[in-house]
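Structure first, then comments.
The values are calculated or read from the model by the stated rules, or taken from the named source; none is laboratory data. If you're wondering where the values come from, they're calculated on a predicted model, not measured in any experiment. For neighbour counting, all protein chains shown are included, and Cβ atoms are generated from backbone atoms with ideal geometry for every residue, glycine included.
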Protein chains: 2
Amino acid sequence: MAETKDDSGPALPPAIESAWGLRERPPRGPRPGLSVSGIVDAAVRVADADGLTAVSMSRVAKELGAATMALYRHVGSKDELLMLMVDVGYGPSPGPPPPQDDWRAGLTRWAWAEHEALRQRSWLLHVPITGPPITPQQLGWMEDGLRCLDDTALAEGEKMSVLLLITGYVRNEATLTNQIAEGSRAAGVEPDEIMPAYGRLVARLIDPARFPALHRVLSAGVLNQDDDPDDEFTFGLDRILDGVEALIRRRAG
Amino acid sequence: MAETKDDSGPALPPAIESAWGLRERPPRGPRPGLSVSGIVDAAVRVADADGLTAVSMSRVAKELGAATMALYRHVGSKDELLMLMVDVGYGPSPGPPPPQDDWRAGLTRWAWAEHEALRQRSWLLHVPITGPPITPQQLGWMEDGLRCLDDTALAEGEKMSVLLLITGYVRNEATLTNQIAEGSRAAGVEPDEIMPAYGRLVARLIDPARFPALHRVLSAGVLNQDDDPDDEFTFGLDRILDGVEALIRRRAG
DNA sequence: GCTGTTATGCGTAGACCATACGCAGAACTA
DNA sequence: TAGTTCTGCGTATGGTCTACGCATAACAGC
């Protein structure tokens, strides 16, 4: 039963508990100069400035004017710090859907909100995900997404599956877009030149007889035209929502 | 134009060229005791046995009875080795669709083939992707996927978008499934107990007044029933294909 | 005010990691 | 046989995370 709140659940790391506001400072001992949220904010500042690879324990400590090992009093491991970074990195959830929105408008808004969060903080895409979300804001996002489906006839499990489908799509699309941006920066090429260059490379490598369909795509100049990345995002999202719509219609009828 | 094969394209790393069979051994110098494919195979053996984190240059060298730095004569960097590992890790593409299959049956088969490859080699999910595919077998997978859409009225660019949509979905779904498996192994819990445990944890954390929709999902016991992961995979795939079908119908009509 | 308890900050050190650089020797060409 | 070129690898550098233990600061009870 979900109602029974027993204290003896799976162990939650202390740093995560403090993110939920469940931890009060013990009366004994020196006043902490560092705090979990201060450490996480510093780590986010480093990631914003120099990317996720720059986030090392020593670098974060330097940002705070503290010693490397001081951080380990507050976070159990680097992975724990990363999990908390993701929580504040996504920022607050977009809020429940406006009452006049139907499920489709609501989920579209929700997907675009995540899209925007990932665009602003592309390092979020590089954090290896180790498990289902357990931090406050992450669950807030999930809540807001579920609410969009409140008025549909989907089963609860189906609502969750639909959300996973969409959030997975948003994440994947953002990853691909980001790879192009990072690739062009690494190669020192203009961003709108990298896909054409990729197309030329593949055209040079493949034998048209063995790769006819791929050759046809390249010949059509698919990779040459630099269309708006937002159009690509909208395309996939609409396909998925079309599929969801078919299901909702079936369940309603 | 995709037809023009000019030699002066973007620089391809030597190890990738040898994967395409474009490199012959220079006549001078001692006979190489190591080869690119031998190194990649050894790295794949290590990853199969002990996971991707165990793949270090020294570990791979030990596997071959060679010195660490010997590898760098054949691969330019660890990232390059990883890219080649992915190429052989996926294995050969599933082949063109049987003639009697329509596009939907073909893409379903294609998606399941990738699903199966990722299930057998879950370390593939942990390799950070740095760019679009340029290795032989990767492009073979793309070719086979494109062929499934040969008989549809989709534009070439739309075919590619559909493929990216599906492969992204397969990857995402495999990642989630794999997280459960790895999480349960790390926590020493039975795999079918980890989602219920997660459900109890979230139920303990959230306030039903602030998270009503999420609370409803938990109360419905969505996380308690351990349904077949394949059903979850089929659910999302069918939603996406339903959406693609709607588009194909529109283009055909 | 004094003492004991407890939590904090942090210094040291260990075990890894990728990889830049340069040298010894092998195998070919002329 | 001399010269060239490529392979293998030893050394060394600078980075990573983090286990462990010590000094110190702040409170609780007397």
**Item:** Residue that is nearest to residue A:140 (Cα to Cα) [pool: residues in the stretch A:69-93 that are away from DNA strand D (no atom under 16 Å from the Cβ) and within 14 Å of chain B (Cβ to nearest Cβ)]
**Value:** A:93
**Message:** Suppose we keep only residues that are more than 23 Å from residue A:125 (Cα to Cα) and among the basic types (Lys, Arg) within the stretch A:38-78. Which one would you say is surrounded by the fewest Cβ atoms within 10 Å (Cβ to Cβ)?
**Reply:** A:73
**Message:** Considering only the stretch A:5-25, I want to know if a residue exists there that is closer than 30 Å to residue A:234 by Cβ, of a type outside the set (Val, Ile, Thr) and part of a helix (DSSP H, G or I).
**Reply:** no
**Request:** Give the stretch B:199-253 a look and list any residue that's surrounded by 14 or more Cβ atoms within 10 Å (Cβ to Cβ), modelled with pLDDT under 95, more than 8 Å from chain A (Cβ to nearest Cβ) and part of a helix (DSSP H, G or I), or say none.
**Result:** B:229
**Prompt:** So which residues in the stretch A:98-145 are small (Gly, Ala, Ser) and at pLDDT 95 or above?
**Reply:** A:105, A:106, A:111, A:113, A:117, A:122, A:140, A:145
**Asked** Among all residue pairs at least 6 apart or on different chains, which show Cβ distances below 7 Å where the first residue, located in the stretch B:46-69, is in contact (Cβ under 8 Å) with a residue 12 or more places away in the chain and the second is within 12 Å of DNA strand C (Cβ to nearest atom) and basic (Lys, Arg)?
**Response** B:46/B:59; B:57/B:78
**Prompt:** Say we look at the stretch B:175-198 and pick out the residues that are under 14 Å from residue A:130 (Cα atoms) and of a type in the set (Gly, Ala, Ser); which of these is nearest to the other protein chains (Cβ to nearest Cβ)?
**Reply:** B:183
